[in-house]
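The values are calculated or read from the model by the stated rules, or taken from the named source; none is laboratory data. None of the values given here were measured: they were computed from a predicted structure. Note that each Cβ is placed from the backbone with ideal geometry, even for glycine, and that neighbours are counted across all protein chains shown. Surface areas here come from the heavy atoms of the whole protein model, side chains and all, with no ligands, DNA or RNA. Shrake-Rupley method; radii C 1.70, N 1.55, O 1.52, S 1.80 Å.
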Amino acid sequence: MVFELTEEQKLVRDTARDFAQKRLKPVALELDEKEEVTPKIMKELGELGYFGIIIPEKYGGSGLDSLSYILILEEIAKVSAGVMITVSVHNSLFCQALNKFANEEQKQKYLPKMATGEWIGAYALTEPHSGTDAGALRTKAEFKNKGYVLNGEKLFVTNAGLADVFVVFASTKPELKAKGISCFIVEKSFKGLNIGAKEKKLGIKASDTRAISLVDCFVPQENLLGIPNEGFKMALEILDSGRIGVAAQALGIAEAAFEESLKYAKERKQFDQPIANFQAIQFKLADMATRIEAARHLVYNAAQMSNNNHDFVKQASMAKLFASEVANFVANEAVQIHGGYGYMKEYPVERYFRDARITEIYEGTSEAQRITIFREISKG
Ligand SMILES: Cc1cc2nc3c(=O)[nH]c(=O)nc-3n(C[C@H](O)[C@H](O)[C@H](O)COP(=O)(O)OP(=O)(O)OC[C@H]3O[C@@H](n4cnc5c(N)ncnc54)[C@H](O)[C@@H]3O)c2cc1C
């Protein structure tokens, strides 16, 4: 299958590439070392409309199709996986939750601010005792005085330090376990929401990851998102499309690691010739390129399917599983091709190697993807 991009999709990709290569690439290492996406870069992302990519035009967004969105994420991830996940969590997990489940009033209240990047969004599902087993979460939401009182702790919340608003999952009927979870729109200014310190991470260091706690945090009834007690189903549905974004992140990292390796192999000389002359290096590059091509097809296909309203759960899981494993394989080989230099910070493959690791963990581990894929292929 050949993916023929439309003229509009090519323009979207080229614009993102231009921004990523000219504006982001020169500061990517600095952002990694500073462990932040600077306000300047956040502003530029906002001006380009990258915080409203999938928000309908009616609410001030660009309303782009899923493949265009994925092309933007891929180009940003090629340069900075940390910046990419900042954009992706805001769009895929926060804005998509509102696109899918918010009522008209909620959409009008929040989406225009999200579209410009005036407000940033985050998604809080994971807890100390519930990661893969997200349905076992313990945060409670008790109905009181025309609202809900939330108590609990959420871990590893991407964008937590930047966010103005969070979607938070909490149990409204603990006795029903996963069937008693509801979802809430919680603003940073709500009393009782506390944001923890920034986590120190192996990779995607520019992104902001923190724990949050909710201590008698009152959330007005109008901030209930979707149908009460359907929160777990909603959480999974949001992650289904989100994981195509992580697959695009993995693809971008792999492409960048490959391109650096090919360039380096042609330049680096040993035994009076470029190391690219050695078959051992050629075979590594051939394997890297082949797996990247296969990953790209899976990722674009999953994006196209989600765009056309097909059931894309299997394709999204396959794309995420495969692309994340490819990213780790390619980044590992990239370090090997660079020899000792690949282990040094002055070469970007060191960062790609660290950044690739997370793609097999968040928005569903590789094991969780295999569980989903098996469930889908055994449906009969
Ligand atoms: C940098 C970063 C950013 C994140 N951002 C967010 C965010 O914005 N919002 C959010 O809600 N969460 C976020 N997460 C959480 C992330 O989604 C979880 O870490 C992930 O889902 C795994 O959960 P866990 O860490 O509790 O691991 P566990 O679920 O404890 O898993 C540990 C190991 O056991 C395996 N395992 C678990 N259950 C099974 C099973 N049934 N069969 C086989 N193997 C199994 C897992 O695959 C894994 O290898 C983030 C995490 C990180 C590290």
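Are any of the residues in the stretch 73-80 away from the ligand (no atom under 16 Å from the Cβ), in contact (Cβ under 8 Å) with a residue 60 or more places away in the chain, surrounded by 21 or more Cβ atoms within 10 Å (Cβ to Cβ) and among the hydrophobic types (A, V, I, L, M, F, W, C)?
Within the stretch 73-80, one or more residues are away from the ligand (no atom under 16 Å from the Cβ), in contact (Cβ under 8 Å) with a residue 60 or more places away in the chain, surrounded by 21 or more Cβ atoms within 10 Å (Cβ to Cβ) and among the hydrophobic types (A, V, I, L, M, F, W, C).
Pairs needed: first member in the stretch 149-160, touching a residue at least 60 places away in the same chain (Cβ under 8 Å) and aliphatic (A, V, I, L, M); second member anywhere, within 12 Å of the ligand (Cβ to nearest atom) and open to solvent by less than 10 Å² (accessible area, probe 1.4 Å); C-beta distance under 7 Å; at least 6 residues apart or different chains.
What qualifies is Leu150/Thr139; Leu150/Val168.
Specify the residue that is nearest to Gln249 (Cα to Cα); the eligible residues are those in the stretch 191-211 that are near the ligand (Cβ under 10 Å from one of its atoms) and assigned to a strand (DSSP E or B).
Thr209
How many residues, within the stretch 52-66, are surrounded by fewer than 24 Cβ atoms within 10 Å (Cβ to Cβ) and either within 16 Å of the ligand (Cβ to nearest atom) or aliphatic (A, V, I, L, M) (or both)?
Counting residues in the stretch 52-66 that are surrounded by fewer than 24 Cβ atoms within 10 Å (Cβ to Cβ) and either within 16 Å of the ligand (Cβ to nearest atom) or aliphatic (A, V, I, L, M) (or both) gives 2.
Being more than 8 Å from the ligand (Cβ to nearest atom) and either in the same structural domain as Asn99 (by TED's automatic domain parsing) or assigned to a loop (DSSP other than H, G, I, E, B) (or both) is the filter here; which residues of the stretch 129-141 pass it?
His129, Leu137, Arg138, Thr139
Which of the residues that make up the stretch 1-49 are without any contact (Cβ under 8 Å) to a residue 24 or more places away in the chain, assigned to a loop (DSSP other than H, G, I, E, B) and closer than 19 Å to Ser88 by Cβ?
The one that is without any contact (Cβ under 8 Å) to a residue 24 or more places away in the chain, assigned to a loop (DSSP other than H, G, I, E, B) and closer than 19 Å to Ser88 by Cβ: Thr38.
Pick from Glu325, Glu363: which is at pLDDT 95 or above and buried (at least 24 other Cβ atoms within 10 Å of the Cβ)?
That would be Glu363, the only listed residue that is at pLDDT 95 or above and buried (at least 24 other Cβ atoms within 10 Å of the Cβ).
Just one of Ile195, Ile238, Ile212 is within 30 Å of Gln304 (Cβ to Cβ) and at pLDDT 95 or above; which is it?
Going through Ile195, Ile238, Ile212 in turn, the sole match is Ile238.
A quick yes/no check of all residues on (1) closer than 23 Å to Thr158 by Cβ; (2) within 16 Å of the ligand (Cβ to nearest atom); (3) of a type outside the set (Gly, Ala, Ser); (4) not in a helix (DSSP H, G or I):
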{"position": "Gln315", "(1), (2), (3), (4)": "no, no, yes, no"}
{"position": "Lys320", "(1), (2), (3), (4)": "yes, yes, yes, no"}
{"position": "His338", "(1), (2), (3), (4)": "no, no, yes, no"}
{"position": "Tyr341", "(1), (2), (3), (4)": "no, no, yes, no"}
{"position": "Glu350", "(1), (2), (3), (4)": "yes, no, yes, no"}
{"position": "Ala356", "(1), (2), (3), (4)": "yes, yes, no, no"}
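Listed residues Ala170, Ala136; which is surrounded by 19 or more Cβ atoms within 10 Å (Cβ to Cβ) and in contact with a Ser or Thr (Cβ under 8 Å, 6 or more places away or on another chain)?
Exactly one residue qualifies, and that residue is Ala170.
Keeping to the stretch 166-182, report how many residues are within 16 Å of the ligand (Cβ to nearest atom) and either out of contact with any Pro (no Cβ under 9 Å at 6 or more places or on another chain) or in the same structural domain as His90 (by TED's automatic domain parsing) (or both).
Total meeting the criteria: 9.
Of (1) touching a Gly at 6+ places or on another chain (Cβ under 9 Å); (2) under 22 Å from Lys78 (Cβ atoms); (3) open to solvent by 30 Å² or more (accessible area, probe 1.4 Å); (4) part of a helix (DSSP H, G or I), Phe258 satisfies all except one. Which?
The failed condition is (1).
Given the options Arg296, Arg268, Arg291, name the one that is more than 30 Å from Thr372 (Cα to Cα), open to solvent by 30 Å² or more (accessible area, probe 1.4 Å) and not aromatic (Phe, Trp, Tyr).
None of the other options fit; the residue is Arg268.
What are the residues in the stretch 86-107 that are more than 12 Å from Leu225 (Cβ to Cβ) and aliphatic (A, V, I, L, M), if any?
Those that are more than 12 Å from Leu225 (Cβ to Cβ) and aliphatic (A, V, I, L, M): Val87, Val89, Leu93.
Taking the condition modelled with pLDDT of 95 or more, on the phi > 0 side of the Ramachandran plot and either crowded, with 22+ Cβ neighbours inside 10 Å or among the small types (Gly, Ala, Ser) (or both), does Gly49 pass?
Yes, satisfied.
Assess whether Leu125 counts as being out of contact with any Phe, Trp or Tyr (no Cβ under 6 Å at 6 or more places or on another chain), near the ligand (Cβ under 9 Å from one of its atoms) and closer than 20 Å to Phe190 by Cα.
The answer is no for Leu125.
Go through the stretch 142-165 and report how many residues are among the small types (Gly, Ala, Ser) and more than 16 Å from the ligand (Cβ to nearest atom).
Result for the stretch 142-165: 1.
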